[in-house]
Amino acid sequence: ICKMDPLEEQTFALAYQTMRQTEAKPVPLPPAGSHYVKCRVPLVAWIIEVSDALKLSNVTASHACYLMDRLFVSEKLNKPSERPMYQLIAMICILLASKYIETALYTPVMAELNDMSENTYSLALFREVELSALQWLDWNVNAITPMNYLKPFLALGATNDDTTNQEISKLVVLLLGLVLQDFSFASYPPSLVCAGAIYSG
């Protein structure tokens, strides 16, 4: 097992404490039997696919799904008549998550995301919905997801074999991607979900 030096241990402890404090705050979720939850699996799969195509990180894709769940707490959105807007909202969540997580170099622009939907929506509507989403979120796009815990947790149990570490990381990322599509895991603490995926891997 690789040991951290004192500075790394202090940094990890501070980051871990901050993440645990953040995840302890209650997060409203849509009702389990709602229309959105019934449509959620393909939306999450599409977010993962688009994020991968745009070379965004796994943390960004997970963050986007977290924001999407928060937005669909709104009864105005969570109904069958609004289904044509679901893909647009998913794109908005990718945009917001990438602005929060990625560097400016890798943050996609609206037109680039709209291409992924074959330009279904106007850029004017894109901007309007982005602003509405931010207002609904009270301009708070912070989130802690299981992916945030992946690197620090793996660092604690890392071996001296880089190939082994990479294989373990790939497997856990795959498991967390599957978990992300299952809404029943949304109510569990992200740290617990990540630890469970690592243990299963």
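Here Q166 meets each of (1) loosely packed, with under 12 Cβ neighbours inside 10 Å; (2) part of a helix (DSSP H, G or I); (3) within 19 Å of the chain's Cα centre (by Cα) with one exception, condition (3). Can you find even one residue in the range 21-36 that is within 24 Å of R127 (Cβ to Cβ) and part of a helix (DSSP H, G or I)? Among the residues of the range 21-36, at least one is within 24 Å of R127 (Cβ to Cβ) and part of a helix (DSSP H, G or I), which makes the answer yes. Looking across the range 126-140, the residues that are open to solvent by less than 50 Å² (accessible area, probe 1.4 Å) and either part of a helix (DSSP H, G or I) or at pLDDT 95 or above (or both) come down to F126, V129, E130, A133, L134.
Is there a residue being within 18 Å of the chain's Cα centre (by Cα), farther than 17 Å from L180 by Cβ and open to solvent by 20 Å² or more (accessible area, probe 1.4 Å) anywhere in the range 29-52? The answer is no, given that none of the residues of the range 29-52 is within 18 Å of the chain's Cα centre (by Cα), farther than 17 Å from L180 by Cβ and open to solvent by 20 Å² or more (accessible area, probe 1.4 Å).
Per-residue answers, yes or no, for (1) assigned to a helix (DSSP H, G or I); (2) farther than 17 Å from V141 by Cβ:
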{"residue": "M68", "(1), (2)": "yes, no"}
{"residue": "S74", "(1), (2)": "no, no"}
{"residue": "R83", "(1), (2)": "yes, yes"}
{"residue": "A90", "(1), (2)": "yes, no"}
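Residues in the range 141-152 that are open to solvent by 40 Å² or more (accessible area, probe 1.4 Å) and either of a type in the set (A, V, I, L, M, F, W, C) or part of a loop (DSSP other than H, G, I, E, B) (or both): 1 in all. Among the residues of the range 93-125, those identified as of a type in the set (G, A, S) and open to solvent by less than 90 Å² (accessible area, probe 1.4 Å) are A97, S98, A111, S117, S122, A124.
Taking each residue of the range 19-43 that is closer than 19 Å to L137 by Cα and looking for partners that are surrounded by 14 or more Cβ atoms within 10 Å (Cβ to Cβ) and acidic (D, E) with beta-carbon atoms closer than 7 Å, six or more apart or interchain, yields L29/D69; P30/D69. When V179 is tested against (1) over 23 Å from S98 (Cα atoms); (2) free of Cβ contacts under 8 Å to residues at least 40 places away in the same chain; (3) in contact with a Phe, Trp or Tyr (Cβ under 7 Å, 6 or more places away or on another chain), just one condition goes unmet, and that condition is (1). The residue pairs whose first member lies in the range 126-147 and is farther than 17 Å from P108 by Cα, whose second member is open to solvent by less than 20 Å² (accessible area, probe 1.4 Å) and assigned to a loop (DSSP other than H, G, I, E, B), and whose beta carbons are closer than 7 Å, counting only pairs six or more residues apart or on different chains, are W136/S74.
Hey, does the range 1-10 have a residue that's open to solvent by 10 Å² or more (accessible area, probe 1.4 Å) and in contact with a helix residue (DSSP H, G or I) (Cβ under 6 Å, 6 or more places away or on another chain)?
Of all residues in the range 1-10, those open to solvent by 10 Å² or more (accessible area, probe 1.4 Å) come to 1-10.
With the extra rule that they be in contact with a helix residue (DSSP H, G or I) (Cβ under 6 Å, 6 or more places away or on another chain), the set shrinks to none.
No - not one qualifying residue is present in the range 1-10.
The values are calculated or read from the model by the stated rules, or taken from the named source; none is laboratory data. Note that the structure is a prediction, hence the values are computed from the model and not measured. Please note: Cβ atoms are built from the backbone with ideal geometry, for glycine as well, and neighbour counts cover all protein chains shown. When the accessible area is computed, the model is the full protein with side chains, heavy atoms only, and any ligands, DNA or RNA have been set aside. Shrake-Rupley method; radii C 1.70, N 1.55, O 1.52, S 1.80 Å.
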